[in-house]
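This report refers to the structure that appears directly beneath it.
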Amino acid sequence: MSSAAIGLWLHPLRQVLDPNATVNWQRLRRLAAELDDVLTTYPVGSDLPPGPERSHRLRQVRRVLVADGGFGDEPPLWQLLAQFVCGYRDVDLRDATGLGHGRLVARHATPTARGRWLPRLLAGELAGIAITEPHGGTRVTETRTYAVPARDGGLLLSGRKCWISRLTEAAAFVVFFRDWHGRLAAAVVDAATSGLRRTPVAPSGLAGWSWGALDLDQVRVRPDEILCGDGMALLREHFATYRPWVTATALGGAAAVFDIVTTTLAARDVDRIRDNALITIGRAHAQLATALLGCAVAEHLAEQGDQHANMWAAATKAHGVDVADHTAAELALLVGAAGFRADSPIAKTRRDLAGLLFADGIHDSLYRSAGRHHAGMPVAVPAPRDNTPAIHNAKVDAAD
Ligand SMILES: Cc1cc2nc3c(=O)[nH]c(=O)nc-3n(C[C@H](O)[C@H](O)[C@H](O)COP(=O)(O)OP(=O)(O)OC[C@H]3O[C@@H](n4cnc5c(N)ncnc54)[C@H](O)[C@@H]3O)c2cc1C
């Protein structure tokens, strides 16, 4: 089943996607077979309500895929194609083939923190990312979660993060905050640290992982848990690679809807398939395939360290997920009300794709930042707001 994602979708694009034959296609086919096996044992579709049982099964899928070959050693383009294959089976598998946000730890943590976290993440444990705050995820430069120095040279973090995915499953969170100089910074925070409080919220899609608010009340962070580098530069570098993976997952989900719809139509008891259906199908195929090529271009630029990689990743994420979302919606109409049943994979994929219009960057904001780039407008970084009284009190850890 997963092999159709390779045979029908990736294979025709292979010479363009992988002109230098650097992708291990055999490993990709093995992944497809492993995915079929593990999803037979741990089906992760919408048959279970959101909750611990569903995310337990997703975690099992991650662990089995790790045990069957591991991840972290394949190039980002391989992971992009692997995510397309995973999305083809279930968009909830968006974290199935790699370190995900743990990549920030792998690339930017101190050697001590890497030594502590990488073995666990490479063994399949999850890292969450905590950026968005109640004043708006589109205004990251105005982050209000703040740090005050602790006596041991570390930090105490306080603030509220919202809409956080992998809320209860993550072993660690990469938390973005302002340091006492007002600069954006990030730290890897053990999910078991005291002072963290989680408030789950039920999502209407992407319900495989839990989601909700993460409150931080004087959460202790050791000096070696602070990531190296400016917070905004870390975000740009990370999302230049991460967004193409998410986009490929979404396009894989829509490609599966395409295949379900075309198979259903071909089997329909009709004299001939109407023209409107044929037009929708022809257009959807071209849109999905070209959007996938677009996100492969973004991935390539990120891998090359191109200075415009972040802009490409933002614009092709917005475009690719938009394409996946609207083609799935148009195709769904061709199979009638059957695709509207709650247990239909088409209905589930549509709910999940709606979530991806927000997750990892809301689309108007991503297009706007690309537009700003093309119009030659500099990015305005507002001065930190004077809204964190504790910074001015410079409260030093009372427990020390
Ligand atoms: C399923 C899902 C998973 C997610 N997972 C995570 C996660 O793991 N970690 C994380 O940190 N976040 C996560 N998010 C949050 C996501 O990144 C944010 O939803 C996104 O960045 C947008 O932020 P927001 O929802 O606060 O919207 P806002 O920033 O409030 O923006 C909403 C709208 O208001 C507009 N707007 C903003 N300012 C103005 C203005 N001055 N005038 C007019 N309009 C304005 C924006 O352009 C946008 O259209 C997740 C979201 C979803 C749905």
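Coordinate-derived values only; no laboratory data. A quick note: this is a predicted structure, and the numbers were derived from the prediction, not measured. Methodologically, a virtual Cβ is constructed for each residue, glycine included, from the backbone with ideal geometry; neighbour enumeration extends over all protein chains shown.
A few comments on the model shown:
- Computed 3J(HN,Hα) for region 140-148, one whole-Hz value per residue from the Karplus formula 6.51 cos²θ - 1.76 cosθ + 1.60 where θ = phi - 60°, is 4, 5, 9, 3, 10, 4, 10, 10, 10, glycine and proline marked x.
- Charging the Cβ of each Asp and Glu at -1 and of each Lys and Arg at +1, and nothing else, the dipole of region 1-93 about its Cα centre rounds to 60 debye.
- Computed from backbone phi, the HN-Hα couplings of region 80-86 come to 4, 5, 4, 5, 4, 4, 5 Hz, rounded to whole numbers (Karplus: 6.51 cos²θ - 1.76 cosθ + 1.60, θ = phi - 60°; Gly and Pro given as x).
- What the phi angles of region 203-217 give under the Karplus curve with 6.51, -1.76 and 1.60, with θ = phi - 60°, is a coupling list of x, 8, x, 6, 8, x, 10, 6, 8, x, 9, 10, 9, 10, 10 Hz, glycine and proline written as x.
- FRET efficiency, A286 to D152 (Cβ-Cβ, R0 41 Å, nearest 0.05): 0.10
- Dipole orientation for region 1-63: of the candidates M1, P19, L35, P19 has the Cα lying most toward the positive pole (charges on Cβ; Lys, Arg +1; Asp, Glu -1).
- Take the Cβ atoms of A266 and D306, set R0 to 30 Å, and the FRET efficiency comes out at 0.10.
- Taking the Cα centre of the chain as reference, the dipole from Cβ charges on Lys and Arg (+1) and Asp and Glu (-1) amounts to some 380 debye.
- Across region 126-229, the relative contact order, built from alpha-carbon pairs under 8 Å that are at least six residues apart, equals 32 percent.
- The angle separating the long axis of helix 231-266 from the principal Cα axis of greatest extent in the chain is about 20 degrees.
- Positive dipole terminus of region 66-148, leading residue within V85, I129, P75 (C-beta point charges): I129
- Fewest-first sequence of H308, H101, H181 by Cβ atoms within 10 Å of each Cβ: H181, H308, H101
- Calculated [222 nm] ellipticity per residue, helices only, for the chain: -15500 deg cm²/dmol; basis is -39500 (n - 2.57) per DSSP H run with n ≥ 4, divided by all residues, nearest 500.
- Exposure proxy order (Cβ contacts within 10 Å, fewest to most) of F173, F239: F239, F173
- Its alpha carbons considered, region 126-229 gives a radius of gyration followed by a Dmax of 13.1, 44 Å.
- Relative contact order (%) - region 3-105, alpha-carbon pairs under 8 angstrom, separation at least six: 32 percent
- Contact order relative to length of the chain, as percent, for alpha carbon pairs under 8 angstrom and 6 or more apart: 18 percent
- Magnitude of the charge dipole for region 126-229, about its Cα centre and with charges confined to Cβ atoms of Lys, Arg (+1) and Asp, Glu (-1), is about 180 debye.
- Principal axis dimensions, largest first and in whole angstrom, of region 233-374 by Cα: 57, 27, 23
- Cα convex hull, region 3-105: 104 Å³ per residue, rounded to a whole number.
- Against the chain, whose longest principal axis comes from its Cα atoms, helix 25-41 is set at around 90 degrees.
- Helix 52-67 and the longest principal axis of the Cα set of the chain meet at an angle near 80°.
- Between R268, R220, R243, the residue with the greatest mean-square fluctuation in the GNM of the chain (Cα pairs under 10 Å linked by springs) is R268.
- Candidates R351, R160, R283: whichever shows maximal mean-square fluctuation once the chain is modelled as a Gaussian network with Cα springs under 10 Å: R283
- Over the chain, the Kirkwood radius and the radius of gyration, each from Cα atoms, give a ratio Rg/Rh of 0.99.
- In plain terms, the residue of Y88, Y42 with the fewest other Cβ atoms within 10 Å comes first and the most crowded comes last, giving Y42, Y88.
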